[in-house]
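Working notes for the structure below.
What follows is calculated from the coordinates using simple rules that are stated; it is not laboratory data. Not measured: the values here are computed from a predicted model. When we count neighbours, we look across all protein chains shown, and the Cβ atoms used for this are built from the backbone with ideal geometry, even at glycine.
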Amino acid sequence: MKREVKILILIFILLIPAALYIFLQTFGQNEYSLPVYPVGGVEKLSDTGVNERIYSDKIILPDMYDPQGHHLEQEVFSENIIVLELVSDGDNVLRRDYQINRVSDIFRKERSVRLLRVFEKGDTATYLEHDSGIDQRDNVSVCYIGIEEMRTLARHQLALGVDHDQKMALEQLVLIDKDQRIRGYYDIRDVEDIDRLILEIKILLNQKTNV
């Protein structure tokens, strides 16, 4: 009798891992996913000549230009996870560089991750006056847009709450997935926030469907 009990206990012990595996396969698909933030509207002139606000769940980037003044096609940034940084006139670029370099270094081998540094047109000197070498990095793109275009992008699409001076709200980096949806906001002045950005980029990379 004792021998039979021992055999039953052994069988029960051996069945526990199998039962646990089946349970996790059935109910354990609780993969952490990032929220999808709403995108604001963009005003466009309709056929009737009236400005209409067009809403979409995707970011619509304005016309952008590289440091040499060449127009950048939107397709350049498609199929990429984008970390978007807006830099307005007078912002201290040097203070931002450390965090941008950090993110760039961690994902330097990930071809699908791109850091997009967007400056106001006419503010080229602010960027070029220091020698950070960021624009030489393969996964960082430096580009320029008009002041009004930047304000519209920040206020109406990214919902950054830009004031007339267009300052503090632009301290945030914005994470955009491959489907051009907003997945997170991060204060570039906060080390822990940048740590969270790095983690959440990895989450997007690990999700098969990028949902």
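Please list 3J(HN,Hα) in residue order for region 57-69, calculated via the Karplus relation 6.51 cos²θ - 1.76 cosθ + 1.60 where θ = phi - 60°; whole Hz, with x for glycine and proline.
Each residue of region 57-69 in turn: 8, 10, 6, 10, 6, x, 4, 10, 10, 7, x, 8, x Hz.
Return the loop-located trypsin sites (Lys or Arg not before Pro) in region 71-117 (DSSP other than H, G, I, E, B) with at most 10 other Cβ atoms within 10 Å of their own Cβ; answer none if there are none.
K109
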